[in-house]
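Data first, discussion second: the structure below is written as structure tokens.
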Amino acid sequence: MTASRREIVELWQRAQEALRATGTLLAAGFPDFAAARAYYAAFYAASALLLAEGKTFRSHRGVMALMHRDYIKPGRLPLDIGRMLSTLSDLRSIGDYGGAAHVSHTEAAVALSEAQQVLEAIQSLLPAEIVAVVSDREAEPDRGEQERS
């Protein structure tokens with residue numbers, strides 16, 4: 001596996017893990033943290049897509065700008081996905097830096113749903129072998145323990 005392919009696989013894996021963590025945090029009553037994880041699920045997925053297509057970026061803002069410029073505006077992804085990316089970014093800011101402001105349980109539940117939709121849309125544009133590698137990894141028992149050994 002080339003370094004760039006390996007990085008794409010790892011980002012897609014992180015997107016899947018962040019999505020699962022979102023559900024866990026939401027169920028445990030931590031909507032601020034759930035919203036942040038939902039954003040990161042979408043961010044990692046978007047980063048994987050950009051790298052898979054040879055695009056480079058330097059920041060979260062850069063990832064979001066490229067997604068809108070190269071995928072939303074030309075119609076490769078629906079406008080709703082662009083709106084969801086923006087909403088997830090806003091909720092992450094509240095969840096991480098909101099001070100007295102907090103993400104509600106309902107908002108975090110919507111964030112989870114929107115992150116799932118973003119990942120599904122991005123998956124349709126990712127190379128099938130990237131998705132397959134991650135699917136195969138998820139079928140393995142306790143990947144984290146194996147990697148720490």
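Looking at Ala28, Ala36, just one residue is of a type in the set (Gly, Ala, Ser), over 15 Å from the mean Cα position of the chain (by Cα) and farther than 23 Å from Ala132 by Cβ, and that residue is Ala28. Against the test of being surrounded by 20 or more Cβ atoms within 10 Å (Cβ to Cβ), touching a Phe, Trp or Tyr at 6+ places or on another chain (Cβ under 9 Å) and either modelled with pLDDT of 95 or more or over 27 Å from Ala27 (Cα atoms) (or both), the options Ala65, Ala46 yield a single qualifying residue, Ala46. Of the residues in segment 26-34, at least one is among the charged types (D, E, K, R) and in contact (Cβ under 8 Å) with a residue 60 or more places away in the chain. Pairs are defined by a Cβ separation below 7 Å, a sequence spacing of at least 6 or placement on different chains, a first member in segment 84-110 that is touching a residue at least 12 places away in the same chain (Cβ under 8 Å), and a second member that is assigned to a loop (DSSP other than H, G, I, E, B) and among the hydrophobic types (A, V, I, L, M, F, W, C); the pairs so defined are Leu91/Val103; Ile94/Ala101; Ile94/Val103; Gly95/Val103. For segment 72-91, the set of residues classified as closer than 15 Å to Ser113 by Cβ and hydroxyl-bearing (Ser, Thr, Tyr) consists of Thr87 only.
Taking segment 1-31 on its own, how many of its residues are of a type in the set (D, E, K, R) and surrounded by 20 or more Cβ atoms within 10 Å (Cβ to Cβ)? Full working, then the answer.
From segment 1-31, those of a type in the set (D, E, K, R) are 5-7, 10, 14, 17, 20; that's our starting set.
Of the ones still in play, those that are also surrounded by 20 or more Cβ atoms within 10 Å (Cβ to Cβ) are none.
So the answer is 0.
Just checking, how many residues over segment 98-149 are among the acidic types (Asp, Glu) and either at pLDDT 95 or above or surrounded by 10 or more Cβ atoms within 10 Å (Cβ to Cβ) (or both)?
Matching residues across segment 98-149 total 5.
The values are calculated or read from the model by the stated rules, or taken from the named source; none is laboratory data. What you see is a predicted model, and the numbers here were worked out from it, not measured in a lab. Every residue, glycine among them, receives a Cβ derived from its backbone with ideal geometry; neighbour counts consider all protein chains shown.
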